[in-house]
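Reviewing the structure listed below.
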Ligand code: F6R
């Protein structure tokens, strides 16, 4: 996610803004820029890459400005696409976080009225809308402009002829730092803490005007008061948004990530161009680690909903195995877009004649340049080594692909889409039960071995749950299809090996209950992940982690969130270094 900083006060704005942006660097970005009011002009710089030495930039001797670190969404990382964006007159500068879902139609409308665009971004429409509505009152112009926007935004804007900043927020965070005769507005608290620890958290629909003599907040056309709070955190705590670890913060970001990914690809209909599937006879997924588990869920979905045969290959095996492909679509799933094995497997798949599609989180990454087609997940930067929110975003894209390709009647597709739209709420419900999951996790923390089991879609859910557990808690965790236990793994079960069972509300439910009874007969502790109104399972297991009721295919989201939290709290109880587990890297760029 991008970072925003705006300043008005008595210091040099370029210095304050650059130092504030550097405080947001931990979130990741690919380009940046700042605009400072100098007399009645705007002085602007934009750069690709890291900020580096803050002292190296002398933008202008002014004390009012805005700046931005960009994590590319619409349009590649480049100076032109970097913020701030300006209008035709060059008098208005805007920085923005979020996604404007109706930007295409707004852009066409503005172009028809003679506006010329320089970038590929959704943000630039905001500058032009403000320009159209500006008649000397910047607040009024911003108010009118944002009334045309759909999607999410946190934005800060300045006009070269006005001694003020105007900001607006809707579904994207914005905080105002209140200093002594200076104000700094930013997307995140760490950007502010070097200057003040007094902040006002802005809310959806707020419009803020910052002037040298103070600030005003407007909401629903009325001036309102919002209380300033004193932040007790250090900068390091603030980077984690007050969470103890990035992993927990990122799990908590999942509802937003689902909303953003759905925004990207869902309006009335599923807005995914599936021309990549024309004429194919099979799908081959290539991926590693968590992305491999997302692929297994993708296989389940595509085979169930479309009937197209699907194989899933570890990228590292595909490279040497080079299986025969027949009119294949090779789908590479990779959060980073830089995993060496996945990139090599993509190159080989192309050589073997496959069409390639990459599902990627990082815009402009190498995978996006190799693939014939690209679909982005909208998870934002993920800092913790363990993939959490990015995995869920991958699942959301896979649901949409499978639904779009399915031959199901429209009414059935619409019913499933409606269910998907409420998924952020269901995830929030699970997060609300975090404390119960923590208590269960703390009982598991003394064990050295665990077994995860499931059936159907529950198998890849179990595999991903076990991977999360082993990588961050260092507990040896294996995953098996429940029906396979009696073919060997039963020998491992007993009092010292708890079993985590995912109970999916589908045709596998009854047989899973039988498997659980078999496991209990071996005296293992059993933790079941089950629906909230399931009264049957509690008769047979030691602990139940409750998840809200949903369509069985969507349990991959609900169960995985519960299992991510289970792994997190187990590792926390064991005092592990959760965000940077030993021997692991976020991006595996060697084969
Ligand atoms: C586990 C994890 C890894 C990655 C794997 C692939 O939590 O994060 O298993 O999923 O290294 O990475 P990407 O998706 O970047 O290709």
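Quick note: the coordinates plus some simple rules give every number you see, no bench work behind them. This one's a predicted model, so the numbers in the text were calculated from it and none came from an experiment. Here the Cβ positions follow ideal geometry from the backbone for every residue, glycine too, while neighbour counts run over all protein chains shown.
At an R0 of 25 angstrom, the distance between the Cβ atoms of residue 327 and residue 269 translates into a FRET efficiency of 0.40. Here, P(r) means the percent of Cα pairs in each 20 Å bin from 0 to the largest distance; for the chain it is 20, 49, 27, 3, 0.
Rg/Rh for segment 184-245 (Cα atoms only, Rh after Kirkwood) is 1.01. Summary of packing: across the peptides 445-454, 165-174, the per-residue average of other C-beta atoms within 10 Å ranks them, highest first, as 165-174, 445-454.
In segment 303-462, Cα pairs under 8 Å separated by at least six residues give a relative contact order of 16 percent.
Packing here is the average count of other Cβ atoms within 10 Å per residue, and on that basis the peptides 486-493, 17-24, highest first, run 17-24, 486-493.
Compute the helix-to-body angle for 254-265: its Cα long axis versus the longest principal axis of the chain, expressed 0 to 90° and rounded to tens. Roughly 80 degrees, rounded to the nearest 10.
In units of the compact-protein estimate 2.2 N^0.38 Å, segment 353-418 shows a Cα radius of gyration of 1.32.
Let's test the formula: R0 of 25 Å, r as the Cβ-Cβ distance of residue 538 and residue 511. What FRET efficiency results, to the nearest 0.05? Calculated transfer efficiency: 0.85. When the inverse distances between all different Cα atoms of segment 107-210 are averaged and flipped, the Kirkwood radius reads 14.7 angstrom. Extents of segment 155-212, largest first, come to 30, 28, 13 Å (Cα atoms, principal axes, whole angstrom).
Please work out whether segment 288-358 counts as rounded, prolate or oblate from its C-alpha gyration tensor, where a ≥ b ≥ c are the square roots of the eigenvalues and a/c under 1.5 means rounded, while otherwise a/b larger than b/c means prolate and anything else oblate? Note, shape of segment 288-358 comes out oblate. Counting every C-alpha pair in segment 3-236, the share spaced more than 30 angstrom apart comes to 15%. Classified by the C-alpha gyration tensor, segment 515-579 has an oblate form. Its axis ratio a/c, with a ≥ b ≥ c, is 1.5 or above, and a/b does not exceed b/c. Across segment 471-521, Cα-Cα distances exceeding 14 Å account for 55% of all pairs. FRET efficiency for the pair residue 223 and residue 584, taken as 1/(1 + (r/R0)^6) with r the Cβ-Cβ distance and R0 = 60 Å, rounds to 0.70.
Here the contact order of the chain, divided by its residue count and restricted to Cα pairs under 8 Å and six or more residues apart, works out to 10 percent.
What is the helix-to-structure angle for 13-23, meaning the angle in degrees between its Cα long axis and the longest Cα principal axis of the chain, kept from 0 to 90 and rounded to the nearest 10? That helix lies at roughly 10 degrees to the long axis. In the calculated pair distance distribution of segment 1-92, what percentage of Cα-Cα distances lie above 14 Å? Here the tail beyond 14 Å accounts for 60 percent of pairs. Protection proxy ranking, highest mean first, for peptides 270-283, 511-524: 511-524, 270-283, where packing is the per-residue count of other beta-carbon atoms within 10 Å, averaged. Against the empirical curve 2.2 N^0.38 Å, the C-alpha radius of gyration of segment 394-530 lands at a ratio of 1.19.
Which angle between 0 and 90 degrees, to the nearest 10, do you get for helix 509-521 versus the longest principal axis of the chain when only C-alpha atoms count? Orientation of helix 509-521: about 70 degrees from the principal axis.
If the segment from residue 147 to residue 520 were pulled out straight at 0.36 nm per residue, it would be longer than the present Cα-Cα gap by 128.4 nm. In a fully extended conformation the segment linking residue 496 and residue 233 would gain 90.6 nm over its present Cα-Cα distance, using 0.36 nm per residue.
Subtracting the Cα-Cα distance of residue 311 and residue 105 from their residue separation scaled by 0.36 nm leaves 70.3 nm. Show me, bin by bin at 5 Å from 0, the whole-percent P(r) of segment 169-323 based on Cα pairs. Each 5 Å bin holds this share of Cα pairs: 2, 7, 11, 13, 13, 10, 9, 8, 8, 8, 7, 4, 2, 0. For a paramagnetic label modelled on residue 180 (point 7 Å from Cα along Cα→Cβ), amide N atoms under 17 Å away belong, within segment 11-30, to 11-12. Residues within the reach of a label modelled at residue 421 (point 7 angstrom out along Cα to beta-carbon, backbone nitrogen below 17 Å), restricted to segment 257-282, are 258-272.
In terms of Cα atoms, the Rg and Dmax of segment 240-421 work out to 16.0, 51 Å.
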